[in-house]
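Asks: Before we start, here is the structure in question, set down as C-alpha cells.
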Amino acid sequence: MKTQILVPKSKTLLDVLTEMGERTKSAWIFINDNVFINLVQTADYIVEYDDSTELGWDDSEVIIRVDPYVDLWIEIDFIHAAGISFVYRPVDPDEVLFISMEE
C-alpha cells in the first residue's frame, strides 16, 4: 500500500515518524527533497559515503542514512532515534510511505 504523508510546518520528520509508532517498522520510507533540505539545514553533521549520506544530530543522538540524492524522492535506509520503530529498510515492506513537507 502506498501512502502520502504531509509533515505540518509545526513539526519535523522525526515528530511524524514517532507519532506513527509501529507502522514505520515494516515500511519503505521515501522523503521529498523538501524534507531532505530541512534535515540538512538542521543536522549537526553530514557525511557522504559512496552509497549513502548520513545526517546526525549530536544532542539527541539521532542518525538518519539515505540513498544518494538522485531525484525527487529519497529513500531512507536507516534511522537510529529513540521512539521511532523504523531501523533498517525492510526487504518486503507492508507499506510504502511518501513523506513531504506541508507548503
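Rule-based calculations on the coordinates, nothing more; no lab input. On a predicted model such as this, the values are computed, not experimentally measured, just so you know. FYI the Cβ positions are ideal-geometry reconstructions off the backbone, even for glycines, and counts take in every protein chain you see.
Asks: Using only alpha-carbon positions, what ratio does the radius of gyration of the chain give when scaled by 2.2 N^0.38 Å?
Replies: Working: Rg = 12.5 Å, N = 103, 2.2 N^0.38 = 12.8 Å.
Cα-based Rg divided by the globular estimate yields 0.98.
Asks: Near residue 90, within a Cβ-to-Cβ distance under 14 Å, what is the net charge of the other residues, with Lys and Arg +1 and Asp and Glu -1?
Replies: That sum, taken over residues with Cβ under 14 Å, equals -3.
Asks: Additional query: Rounded to the nearest 20 debye, what is the charge dipole size of segment 15-103 about its Cα centre when +1 sits on each Lys and Arg Cβ and -1 on each Asp and Glu Cβ?
Replies: Details: 4 positive and 21 negative charges, 44 e Å.
With Lys and Arg at +1 and Asp and Glu at -1, about 200 debye.
Asks: Another question, if that's okay. For a quick check of your reading of the filter: which GluC sites (Glu not before Pro) in segment 1-100 sit in a DSSP loop and have no more than 11 other Cβ atoms within 10 Å? Let's see the in-between values first.
Replies: Numbers: sites: 19, 22, 48, 54, 61, 75, 95; in loops: 61.
Loop-located and lightly packed - 61.
Asks: Direction-averaged shadow area of the convex hull around the Cα atoms of segment 53-96, nm²? Please list the in-between numbers first.
Replies: Working: hull surface 14.8 nm².
The directionally averaged projection comes out at 3.7 nm².
Asks: I would also like to ask the following. What ranking do 28, 57 get, fewest neighbouring Cβ atoms within 10 angstrom at the top?
Replies: Ranked by crowding around the Cβ, least crowded first: 57, 28.
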